[in-house]
Amino acid sequence: MAATRYPGFDVTGAKKSWDARTREIVTARLEKKTGQPFAFLTPEEAETLKAIAGHLLFEDREELVEYVVAHFDEELSGNAGESQRKADLPPAATFVRQGLAALDAAAKRRHWRRFVHCRTGQQFELLAALQIGALEPAPEWSGIPQKELFKKLLSMAVDAYASHPRVWSEMGYAGPAYPRGYYRIELGVRDPWEPAEAGPQPSGR
């Protein structure tokens, strides 16, 4: 993980400034149930998504990666709409499920094992090929555009990751605007409750 530029900052310290519903939503994210049983994902799918999310987010903290996988499960098992979806793509649940199966099939063709059992370098290679649509054509990819699958996995992973209060604290985000509001919007000017950046920190994993 990258060292935070906001050491000691904890966004939940401001929760008394949020309205009750906002406080309930944010607190629930810290208490979100992770791991089995999932409502939609199979154990194999969850295992594959965990490996993928760790690479896409450059994150190895179990709590946060499992939170991301739980978010996938919640989104894919729910009845909420997708806001926007290209006409030639299947619904998200079908798209991700078939896409993960196709990625596993591609891993078996190249390395004789499922994606999650490949070495780290092999997993990187598979994801890099998926990103540019360069995995070998196969029946499993029928109706599953590789580039679009990569974008879907990445966007869902980032959406989940950036919604976790721990990540908010590390990026210096001081929490929901409502009802307190942000009013100092000039470049380089902070509201009183926003943390000061400590300066560049060394990074590592």
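The values are calculated or read from the model by the stated rules, or taken from the named source; none is laboratory data. Just so we're clear, the structure is a prediction, and the values are computed from it rather than from any experiment. As a convention, Cβ positions derive from the backbone with ideal geometry for all residues, glycine included, and neighbour counts pool all protein chains shown. Ligands, DNA and RNA are excluded from the accessible area calculation, which covers all protein heavy atoms including side chains. Shrake-Rupley method; radii C 1.70, N 1.55, O 1.52, S 1.80 Å.
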**Report entry** Gyration tensor verdict on region 73-163 (Cα atoms; rounded if a/c is under 1.5, prolate if a/b is larger than b/c, oblate otherwise)
**Finding:** prolate
Query raised in the report: Hey, what's the Kirkwood Rh for region 136-205 if you take every pair of different alpha carbons, in angstrom?
Result: 16.0 Å
Query - Candidate lysines for bridging to Lys16, where Cα separation is under 22 Å - those fewer than 8 sequence places away on the same chain excluded - result: Lys32
Report task. Please give, to one decimal in nm, the separation of the simple spin-label points placed at Ala3 and Ser142, each 7 Å out from Cα toward the Cβ. Result -> 5.4 nm
Query - Charge-dipole axis of region 96-205 as Lys and Arg at +1 and Asp and Glu at -1 on Cβ define it, positive-most pick from Val189, Leu127, Pro176 - result: Leu127
Query raised in the report: Comparing Ala105, Ala28, Ala93, which has the greatest mean-square fluctuation in the GNM of the chain with Cα pairs linked when under 10 Å apart?
Result: Ala28
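Starting from the Cα-Cα distance between Glu62 and Phe124, subtract it from 0.36 nm times their residue separation and give me the gain in nm to one decimal.
Length gained, Glu62 through Phe124: 20.4 nm.
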Report task. Take the chain, connect every pair of alpha-carbon atoms lying under 10 Å apart with a spring to form a Gaussian network, then pick out the residue of Tyr173, Tyr183, Tyr161 with the largest mean-square fluctuation. Result -> Tyr183
Report summary line: With the dipole of region 116-156 defined by +1 on each Lys or Arg Cβ and -1 on each Asp or Glu Cβ, the option from Val116, Ser155, Ser142 whose Cα lies farthest towards the positive pole is Ser155
Query raised in the report: Considering only Leu64, Ala198, Ser17, whose Cα is most displaced toward the positive end of the charge dipole of the chain, charges sitting on Cβ of Lys, Arg (+1) and Asp, Glu (-1)?
Result: Ala198
Report summary line: Residue separation between His117 and Arg184 times 0.36 nm, minus their alpha-carbon distance, gives in nm 19.2 nm
Report summary line: Computed about the Cα centre, the charge dipole of region 56-142 from +1 Lys/Arg and -1 Asp/Glu charges at the Cβ has a magnitude in debye, to the nearest 20, of 520 debye
Report summary line: For region 49-108, listing chymotrypsin sites (Phe, Trp or Tyr not before Pro) in a DSSP loop whose Cβ sees at most 12 other Cβ atoms within 10 Å gives Phe58
Report summary line: Dividing the helical contributions, -39500 (n - 2.57) per DSSP H run of n ≥ 4, by the residues of the chain yields a 222 nm value, nearest 500 deg cm²/dmol, of -15000 deg cm²/dmol
Query raised in the report: Once a ≥ b ≥ c are taken as the square roots of the eigenvalues of the Cα gyration tensor of region 1-60, is the result rounded (a/c under 1.5), prolate (a/b larger than b/c) or oblate (a/b not larger than b/c)?
Result: oblate
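Accessible area per residue for the chain in Å², computed with a 1.4 Å probe and the full protein assembly in place, what is it?
57 Å²
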Report summary line: Which of Gln84, Gln131, Gln98 fluctuates most in a GNM of the chain (C-alpha springs under 10 Å)? That residue is Gln84
Requested in this report: Run the dipole for region 1-119 about the Cα centre, Lys and Arg Cβ at +1, Asp and Glu Cβ at -1, nothing else charged, and hand back the magnitude in debye, nearest 20.
Outcome: 320 debye
Requested in this report: Quick one: pull the percent of accessible area on the chain belonging to carbon and sulfur, 1.4 Å probe, ligands and nucleic acids left out.
Outcome: 54 percent
Requested in this report: Could you tell me which label, among (i) 35, 20, 16; (ii) 28, 19, 17; (iii) 31, 20, 15, carries the value of semi-axes √(5λ) of the Cα gyration tensor in Å calculated for this structure?
Outcome: (i)
Query raised in the report: If you line up the long axis of helix 120-131 against the longest principal axis of the chain, both from Cα atoms, how many degrees apart are they, to the nearest 10?
Result: 90 degrees
Query - Student exercise, the chain dipole from Lys, Arg, Asp, Glu Cβ charges, in Debye to nearest 20 - result: 120 debye
